[in-house]
Structures are given as structure tokens and as C-alpha cells.
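A.B. asks: Can you keep this structure in mind? I'll have questions shortly.
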Amino acid sequence: MKPKMVIGNWKMNKSFEEADDLIIAIGEQIAGLRLETGVVLCPPFLYLELATDQAQEADFTVGAQNCSEFKNGAVTGEISAEMLAELGVEFCIIGHSERRKFFNESNDTIAQKTNILLENQLVPVVCCGEVIEERKVNRHFEVVEKQIKESLFHLSKEDFESVVIAYEPVWAIGTGETATPEQAEEMHAFIRQLIEKRYGTETAYAAYILYGGSCNAQNALDLFAKPNVDGGLIGGASLKANEFVAIIEAAETVIKEN
Ligand code: 13P
């Protein structure tokens with residue numbers, strides 16, 4: 001099994017001071033653990049520099065929660081991939097279901113964001129996932145396939161290898177209702193097969209496919225133990241240092257046992 005990856009998506013939470021405290025607390029708690037797990041913190045834009053400053057001395061890297069699909073110029077209120085890269089940000093979540101819902105982000109926009117992130121050497125963390133109505137009528141595979149193909153499969157093999165995918169069933173986000181490890185594994189295996197058909201076995205095996213949606217310290221071990229679940233994209237449970245670090249420790253346990 002390859003090392004896992006655990007990403008904390010703070011969403012629109014924390015004051016400046018709370019963010020500073022949380023970044024420091026996570027850094028302190030993981031110091032000396034000699035982690036194999038890749039840890040990424042994604043605070044709101046305004047706190048990114050706090051995180052990148054600390055990241056120089058700590059065992060985590062930093063991601064943003066969004067970026068503009070445009071390079072630069074007259075795009076009021078937006079933040080470019082180039083600005084993120086200049087700050088030392090290495091990852092960027094795109095296509096989160098909350099952005100698809102509140103900001104009408106389409107697969108096409110996500111494809112453009114993927115391109116501009118890769119041009120700036122950032123790792124796009126591309127989210128996909130179905131809503132409950134789609135799962136109820138057994139359309140979840142079809143929906144995720146379309147999202148992945150339309151936002152990512154234009155990439156060359158080399159570029160695709162720099163992308164992280166996060167499967168986040170929308171019905172599991174912030175609801176306390178996690179996908180079962182079997183449901184997650186089934187979808188992750190399906191996504192890996194899509195990658196294999198498009199880019200070959202090696203690329204498919206190396207691809208990181210994270211699970212997100214009410215993942216917490218209690219259920220992380222069972223989810224991460226599934227062979228196609230390469231880690232987690234954590235929302236609510238990433239807002240407390242102890243809980244987030246317990247999730248990272250679950251990832252370490254799985255790796256050490258395999
Ligand atoms: P929760 O972990 O709060 O369900 O959020 C998941 C998520 O949306 C991470 O991007």
C-alpha cells in the first residue's frame with residue numbers, strides 16, 4: 001500500500017487568531033511522528049500565509065480551497081493560481097460540491113482551473129460525488145464518471161499524474177452520515193478503473209483517490225483500510241487539532257499494518 005494523504009478543508013471557519021492557534025497546534029502534535037502520511041492544511045485564503053510560514057518548519061504542506069480559472073487581470077475578487085504558488089501554497093481544492101452548488105461551478109470550469117493550477121505547479125485536488133437523489137436511482141457511477149471525464153480526461157498522462165481526486169458523496173458532507181467503507185471502496189475502485197482505461201495500470205495504481213464526507217477519528221481507520229481509499233479530505237473534523245491528528249494517526253496505522 002502506498003502512503004496515505006490526509007487533507008483538512010477548513011471551509012469558511014475560524015478567526016485569524018484561532019487559525020494561527022490551530023496551525024501551530026497541528027504542527028506541534030505531528031512533530032516527531034515521522035509521518036509517512038502526507039498532511040495538507042487548507043485554511044481560508046486570508047490565513048494561507050500563516051500556514052505557509054509554519055509549514056517551512058513543520059510536517060505539513062498547505063493548500064487553498066479554490067482559485068480563479070483566469071490567469072490574471074480584471075477579475076474582481078478572485079485569487080489566481082500564480083498568487084497561490086508565490087505564497088508557497090502547493091495544493092488547491094477545486095470542484096467542491098459547495099462551489100458547484102453555490103457558485104455554479106461546472107465541469108468545464110473545473111477543467112480550466114485544473115489546467116491553470118498545473119501550469120503553476122500546484123496539485124489540483126479535484127472533488128466529485130453524487131447527490132442523494134442520484135444515488136437513490138442508481139446513477140452515482142454515471143454522475144461521477146461524467147465529472148471525472150469532463151474535468152480531467154483532457155490531460156496528458158504526465159499532467160494527470162499530478163492530480164489528486166477526492167470522492168465526496170454530497171449526502172455525506174457535513175451530515176454525520178458517512179459512506180460505508182464498502183460504498184467508498186466500490187466508488188474508488190470504479191474511479192481507478194476509469195483511470196486505468198484512460199491512462200494505463202501504473203498511473204491508475206499511483207493515483208491518489210481520497211474519501212470525503214463525515215470522515216472522523218472514529219471511522220477513519222475502517223475507511224482508510226480499504227485498498228482503494230488513499231486517504232481523506234476532512235471537513236468538520238479538521239477544525240480540532242486532536243481530532244485531525246487522530247485521523248492522521250489512523251492513516252499511519254493502516255500503512256504500518258500493510
Ligand atoms: P465534512 O467532513 O464536514 O463532512 O466535510 C467534508 C468535506 O466537504 C471536505 O471537503
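The values are calculated or read from the model by the stated rules, or taken from the named source; none is laboratory data. This is a predicted model, so every value here is computed, not measured. Backbone-built Cβ (ideal geometry, glycine too); neighbour counts: all protein chains shown.
A.B. asks: For Lys226, indicate whether it is over 21 Å from Gly63 (Cβ atoms), of a type outside the set (Asp, Glu), away from the ligand (no atom under 16 Å from the Cβ) and surrounded by fewer than 16 Cβ atoms within 10 Å (Cβ to Cβ).
C.D. replies: Taking the combined requirement at face value, the residue does not satisfy it.
A.B. asks: Mind checking whether some residue in region 194-206 is at pLDDT 95 or above and under 15 Å from the mean Cα position of the chain (by Cα)?
C.D. replies: no
A.B. asks: Pull up region 80-105, narrow it to residues that are of a type in the set (Asp, Glu) and within 15 Å of the ligand (Cβ to nearest atom), then point me to the one that is farthest from Ala64 (Cα to Cα).
C.D. replies: Top of the filtered list is Glu105.
A.B. asks: Mind listing whichever residues of region 1-30 are surrounded by fewer than 17 Cβ atoms within 10 Å (Cβ to Cβ), of a type in the set (A, V, I, L, M) and not in a helix (DSSP H, G or I)?
C.D. replies: Hits for region 1-30 are Met1, Met12.
A.B. asks: Please return the ranges of helices (runs of 4 or more DSSP H) entirely within region 123-167 where 3 or more residues are of a type in the set (A, V, I, L, M, F, W, C), at pLDDT 95 or above and over 15 Å from Tyr199 (Cβ atoms).
C.D. replies: 140-152
A.B. asks: For region 229-258: of the residues being among the charged types (D, E, K, R) and at pLDDT 95 or above, which is surrounded by the most Cβ atoms within 10 Å (Cβ to Cβ)?
C.D. replies: That would be Asp230.
A.B. asks: Residues being of a type outside the set (S, T, N, Q), in contact with a helix residue (DSSP H, G or I) (Cβ under 6 Å, 6 or more places away or on another chain) and part of a helix (DSSP H, G or I): count how many of those fall in region 31-63.
C.D. replies: 3
A.B. asks: Right, something else. For Thr175, state whether it is touching a residue at least 24 places away in the same chain (Cβ under 8 Å) and out of contact with any Cys (no Cβ under 7 Å at 6 or more places or on another chain).
C.D. replies: Here the answer is yes, as Thr175 does meet what is asked.
A.B. asks: Give the residue that is farthest from Glu134 (Cα to Cα), with candidates limited to residues of region 174-214 that are touching a helix residue (DSSP H, G or I) at 6+ places or on another chain (Cβ under 6 Å) and within 16 Å of the ligand (Cβ to nearest atom).
C.D. replies: Looking at residues that are touching a helix residue (DSSP H, G or I) at 6+ places or on another chain (Cβ under 6 Å) and within 16 Å of the ligand (Cβ to nearest atom), I get Ile209.
A.B. asks: Looking only at region 207-236, count how many residues are assigned to a helix (DSSP H, G or I) and under 14 Å from the mean Cα position of the chain (by Cα).
C.D. replies: Count: 1.
A.B. asks: Within the bounds of region 137-147, is there any residue that is closer than 19 Å to Asp230 by Cβ and within 16 Å of the ligand (Cβ to nearest atom)?
C.D. replies: Looking for residues that are closer than 19 Å to Asp230 by Cβ and within 16 Å of the ligand (Cβ to nearest atom), one finds at least one in region 137-147, hence yes.
A.B. asks: How many of the residues making up region 58-81 are surrounded by 17 or more Cβ atoms within 10 Å (Cβ to Cβ) and within 14 Å of Lys113 (Cβ to Cβ)?
C.D. replies: Number of matching residues: 10.
A.B. asks: Determine whether region 56-69 contains at least one residue that is touching a residue at least 40 places away in the same chain (Cβ under 8 Å), more than 16 Å from the ligand (Cβ to nearest atom) and of a type in the set (Ser, Thr, Tyr).
C.D. replies: Scanning region 56-69 turns up at least one residue that is touching a residue at least 40 places away in the same chain (Cβ under 8 Å), more than 16 Å from the ligand (Cβ to nearest atom) and of a type in the set (Ser, Thr, Tyr).
A.B. asks: Hey, His188 hits all of (1) in a loop (DSSP other than H, G, I, E, B); (2) crowded, with 21+ Cβ neighbours inside 10 Å but one; which does it fall short on?
C.D. replies: (1)
A.B. asks: Right, something else. Here is a list: Pro124, Pro169. Which entry is within 16 Å of the ligand (Cβ to nearest atom) and in contact with a Leu (Cβ under 7 Å, 6 or more places away or on another chain)?
C.D. replies: Pro124
A.B. asks: Within the set of pairs 6 or more residues apart or between chains, which connect a residue that is within 14 Å of Glu119 (Cβ to Cβ) inside region 147-160 to a residue that is part of a helix (DSSP H, G or I) and modelled with pLDDT of 95 or more with Cβ atoms less than 6 Å apart?
C.D. replies: Taking only residues 6 or more apart or on different chains, the pairs are Asp159/Leu118.
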